[in-house]
Amino acid sequence: MLHRRVLRQQEIDEGDFPNFLAASAQTREDSWVVAPIPADLEDRRVEITGPTDRKMIINALNSGANVFMADFEDANSPTWRNMIEGQINLMDAVRETITYISPEGKRYEVGENPAVLMVRPRGWHLQERHFEVDGEPISASLFDFGLYFYHNNAELLSRGTAPYFYLPKLENHLEARLWNDVFLFAQETCGVPRGAIRATVLIETITAAFEMDEILYELREHSAGLNCGRWDYIFSYIKKFRKFRDRVMPDRSQVTMDRHFLASYVNLLIQTCHKRGIHAMGGMAAQIPIKSDAGENERALEKVRQDKLREVRAGHDGTWVAHPGLVAIAKGVFDEHMPGLNQIGVKRGDVHVTQEDLLQVPSGTVTEMGIQLNIDVGLEYLNAWLNGSGAVPIFHLMEDVATAEICRAQLWQWAHHGAKRDDGVPVTQDMLRSAIRLRAHAMPTAAALFEHFVASSHFSEFLTLSAYDKLV
């Protein structure tokens, strides 16, 4: 599967851009639906996400959100301690025995009606090099999934729920088929009823956007729908079309969800999921409350309200937040505009999305502020990740790997193609090197790595692949 990704990138580099698959046209046209939704996943109007440390898990379960997605992937730095302690913490959470006492002596424990638990394993591209099978590092996906499923499937089923997952970074329906094979094997091996596992696939690559029907079809016994992974989706667009000067993106702040290529992706995802009888989940609100400035805080929260209003009006069945302080805002918007458990009955027959719609390049400018922001966020995040933190508050936003990927990918793209700032000055590798080296004294390892990602002639597929060497 990973080799297939390499071959597909070579085809894109040669101008064979993603499109809807002719070979599976019948699958898209037929009227099949996925398996019925489990009762505890019918209402997913607000989902909170975060890493798997004890305090975070307890606060998320108590946040008032419908679902907590415990994240072994983009919000987690994959140190051995983080991955193993995360599994232990989730075992305690499943059994409702998880507690935490802060250094100040404050006790945390799970209250009544906690959120439903879902788990996101790492993507197919990653390995867990601390654990070998026959002398070879195990797939990080299989490691994360396997440990959680093995230790918790019976307990979850005894409590009236089941093993629920989010699947990241899929690039095509064959990768979904591989996950389905894993689910079938795991259920059979552990004596779990077929179809008990449910998984929501994050559509966060441009190639997967053209195969949403096919992905749902492969997982139709185990599907819990699709999610708009907006930040990784933008990163994927930059990465897949990195060879093309006419596909240079403007500043990240200008690439908002009302842009045509993103609005088309959202509408197609909602239409596809609802046609198949399953949830279409919205994207992340990364804002965190700003306690130091009431006016600035209200402006930030209003952005969250407007984003969630856009999602619920489009037909999403739920949305993501990164902080407990945003749960009530998101829930208030969905409660007002979605009186039922979901909006699966909203079929969006008005949507007609073409290849051109999904591939349209957003217009805009590259600015000096945008360059500096990408450097600051990318460096700060990478430094924190190398020191064991995967979810990092930076400039009042909760950043994770996906936003760091956008930062470094944009800088590489701008310098590689000599994009000009709005003041006419071209972006060069020397310009970026100088700006990064100004910060090198405070974070030398992160700065050296980030400079490599930004100024190398070769584009690294994922920053976590190279950075992982520093954690092993």
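The values are calculated or read from the model by the stated rules, or taken from the named source; none is laboratory data. The shown structure was predicted, so the numbers you read here are calculated from the model rather than taken from an experiment. For neighbour counting, all protein chains shown are included, and Cβ atoms are generated from backbone atoms with ideal geometry for every residue, glycine included.
Residue-wise test of (1) in contact with a Leu (Cβ under 8 Å, 6 or more places away or on another chain); (2) in contact (Cβ under 8 Å) with a residue 40 or more places away in the chain; (3) within 22 Å of ALA22 (Cβ to Cβ).
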position	(1), (2), (3)
ALA176	yes, yes, yes
VAL182	yes, yes, no
THR200	yes, yes, no
THR207	no, yes, yes
GLU214	yes, yes, yes
ASN227	yes, yes, no
ASP232	yes, yes, no
ASP246	no, yes, no
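I'm checking my understanding of the structure. Among residues of the range 350-387 that are assigned to a helix (DSSP H, G or I) and small (Gly, Ala, Ser), which one is surrounded by the most Cβ atoms within 10 Å (Cβ to Cβ)?
Here the answer is GLY378.
With the condition being in contact with a Lys or Arg (Cβ under 7 Å, 6 or more places away or on another chain) and at pLDDT 95 or above, I'd like the strands (runs of 3 or more DSSP E) fully within the range 121-214 carrying at least 1 qualifying residues.
136-139, 164-167
Answer yes if at least one residue in the range 113-133 is over 24 Å from the mean Cα position of the chain (by Cα) and closer than 22 Å to TRP320 by Cα, and no otherwise.
There is at least one residue in the range 113-133 that is over 24 Å from the mean Cα position of the chain (by Cα) and closer than 22 Å to TRP320 by Cα.
Restricting attention to the range 388-411, and to residues there that are of a type in the set (Val, Ile, Thr) and assigned to a helix (DSSP H, G or I), which single residue is modelled with the lowest pLDDT?
Filtering the range 388-411 for residues that are of a type in the set (Val, Ile, Thr) and assigned to a helix (DSSP H, G or I), the one modelled with the lowest pLDDT comes out as THR403.
List every residue pair whose Cβ atoms lie under 9 Å apart, where the two residues are 6 or more positions apart in sequence or sit on different chains, the first residue falls within the range 120-137 and is under 15 Å from THR464 (Cα atoms), and the second residue, located anywhere, is aromatic (Phe, Trp, Tyr) and in a loop (DSSP other than H, G, I, E, B).
PRO121/PHE72; ARG122/PHE72; GLY123/PHE462; HIS125/PHE462; LEU126/PHE462
Select from the range 98-115 the residues that are assigned to a loop (DSSP other than H, G, I, E, B) and touching a residue at least 12 places away in the same chain (Cβ under 8 Å) and list them in ascending order.
Selection gives ILE98, SER102, VAL110, GLY111, PRO114, ALA115.
In this structure, is VAL427 touching a helix residue (DSSP H, G or I) at 6+ places or on another chain (Cβ under 9 Å), assigned by TED's automatic domain parsing to the domain that holds LEU463 and within 24 Å of LEU465 (Cβ to Cβ)?
Taking the combined requirement at face value, the residue does not satisfy it.
I need a count of the residues in the range 216-264 that are of a type in the set (D, E, K, R), outside any loop (DSSP other than H, G, I, E, B) and farther than 26 Å from ILE278 by Cβ. Write out each step before concluding.
Here is the first cut: in the range 216-264, the residues of a type in the set (D, E, K, R) are 218, 220-221, 230, 232, 239-240, 242-243, 245-247, 251-252, 258-259.
From what is left, the residues that are outside any loop (DSSP other than H, G, I, E, B) are 218, 230, 232, 239-240, 245-247, 252.
Applying the additional criterion that residues be farther than 26 Å from ILE278 by Cβ yields 239-240, 245-247, 252.
Of the residues in that region, 6 qualify.
Hey, which of the helices (runs of 4 or more DSSP H) in the range 1-97, taking only ones fully inside, have at least 3 residues that are of a type in the set (A, V, I, L, M, F, W, C)?
Working: elements: 2-13, 25-29, 54-61, 80-94.
Result: 2-13, 54-61, 80-94.
The conditions are (1) over 26 Å from VAL454 (Cβ atoms); (2) in contact (Cβ under 8 Å) with a residue 12 or more places away in the chain; (3) surrounded by 16 or more Cβ atoms within 10 Å (Cβ to Cβ), and LYS303 fails exactly one of them. Which is it?
Every listed condition holds for LYS303 apart from (3).
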